[in-house]
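To start, the structure under review is shown below, and the notes come after it.
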Amino acid sequence: MTSAQFFPGKLYHRRTDIHGKFRGQERGGIITPAEHNIVLLVTGHSGHQHGYEDKWSEDGSAFLYYGEGQIGEMQFTKGNLAVRDHSANGKDVHLFKAVSGKKGWLQYVGQMVSAGYDLVDAPDRNGNTRRAIRFQLIPIEAFPGNTRGEPLYAPEDKELRKDSLDQLRQKALADAADARTPRQRKAVYRRRSRAIRLYVLRRSVGHCEGCGRPAPFSTPSRDPYLEPHHIRRLTDGGPDHPRWVIAICPNCHRRVHYSGDSVEYNLALAEIVGKKES
């Protein structure tokens with residue numbers, strides 16, 4: 001299974017560039033290609049005619065995206081389930097918008113993270129009020145990772161570092177859906193992201209979870225130096241799930257990105273973490 005790379009602002013034809021390459025549903029707003037670690041979302045103006053529409057939140061921190069289901073209450077099945085659980089399943093979410101006046105053409109918005117959802121009242125195709133799922137999607141750039149210059153241990157980790165391994169794991173698995181606003185959910189998800197990083201570093205007990213060797217050196221705070229690697233992410237940063245993050249030494253980290261057996265080694269790392277998190 002593979003991920004994919006798209007470029008913000010670029011136009012893609014749904015039939016040739018999306019379905020022709022990745023397969024998946026040819027209709028509807030949520031595309032879930034079976035052979036790729038991606039979920040593709042398409043936003044347009046179809047919901048507007050029913051009294052609701054996808055849009056950015058008032059503070060601009062999240063994109064409010066309605067789930068699929070034209071009649072009756074929306075359910076967490078198929079595409080809606082894929083969006084809700086994309087981090088746990090190691091799948092990247094990519095948002096596209098339909099191009100007005102160019103049938104079949106989509107413009108890429110960017111990679112997003114589902115930081116929760118609301119159940120809101122909205123009309124269905126027949127005009128009946130029903131429960132609708134509205135996801136809060138946050139751009140992945142809001143969650144900087146270590147490879148983008150963020151320190152391995154940041155000042156905001158001070159309180160988290162007091163937690164036990166089990167407490168860190170619970171915070172790493174916590175859902176951000178209980179926060180009320182996009183900005184609150186963004187803050188909660190950032191804390192969750194930090195908890196995940198600290199958890200996997202603590203889980204490693206100072207040894208590379210790839211090759212098993214001790215960390216090559218200690219940081220100024222006397223912590224073993226290992227690097228969190230996101231096994232199933234297009235980028236090496238952003239929030240994820242403990243099942244798909246591993247603490248490895250710099251040598252193994254370079255191997256998984258640049259070696260001739262990088263794909264096979266990444267799969268081997270996934271098996272290692274799978275056993276630890278089962």
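Observations on the model:
- Close amide H contacts of residue 210 (hydrogens built in the peptide plane, cut-off under 5 Å, sequence separation of 5 or more or a different chain): 249.
- Summed residue charge, Cβ within 13 Å of residue 261's Cβ, Lys/Arg positive, Asp/Glu negative: +1
- Within the same chain, lysines fewer than 8 places from residue 171 are excluded, and of the rest, those with a Cα less than 30 Å from its Cα are 55, 78, 91, 158, 162, 186, 275, 276.
- Along region 209-218 the Karplus relation, 6.51 cos²θ - 1.76 cosθ + 1.60 evaluated at θ = phi - 60°, assigns HN-Hα couplings of 7, x, 8, x, 7, x, 3, x, 6, 10 Hz to successive residues, with x for each Gly and Pro.
- Translational diffusion coefficient of region 11-140 (Stokes-Einstein, Kirkwood radius from Cα pairs, 37 °C, 0.692 mPa s): 220 µm²/s.
- Estimated from helices alone, the mean residue ellipticity of the chain at 222 nm is -7000 deg cm²/dmol (sum of -39500 (n - 2.57) over DSSP H runs with n ≥ 4, per residue).
- Modelled FRET efficiency - R0 45 Å, residue 161 with residue 130, Cβ distances, 0.05 increments: 0.50
- Cα pair distances in the chain, grouped into 10 Å bins until the bin that holds the longest one, percent each: 6, 27, 33, 21, 10, 2, 0
- 3J(HN,Hα) from dihedral phi, region 77-93, Karplus parametrisation 6.51/-1.76/1.60, rounded to Hz, x for glycine, proline: 9, 6, x, 4, 5, 5, 5, 4, 9, 4, 5, 4, 8, x, 10, 8, 9
- Here r is the Cβ-Cβ distance between residue 277 and residue 174 and R0 is 22 Å; the resulting FRET efficiency, rounded to 0.05, is 0.90.
- Evaluating 6.51 cos²θ - 1.76 cosθ + 1.60 at θ = phi - 60° for every residue in region 267-278, the Karplus couplings come out as 5, 5, 5, 4, 5, 4, 5, x, 5, 6, 9, 6 Hz, glycine and proline recorded as x.
- Order of 248, 71 under a 10 Å beta carbon neighbour criterion, fewest first: 71, 248
- Gained length - residue 181 relative to residue 119, 0.36 nm times residue gap less alpha-carbon distance: 21.0 nm
- Based on Cα contacts under 8 Å between residues 6+ apart, the chain shows a relative contact order of 16 percent.
Every number here is computed from the coordinates shown, using simple stated rules; none is lab data. As the structure is a prediction and not an experimental result, all values here were calculated from the model. Reconstructed Cβ throughout: ideal geometry from the backbone, glycine too, with neighbour counts over all protein chains shown.
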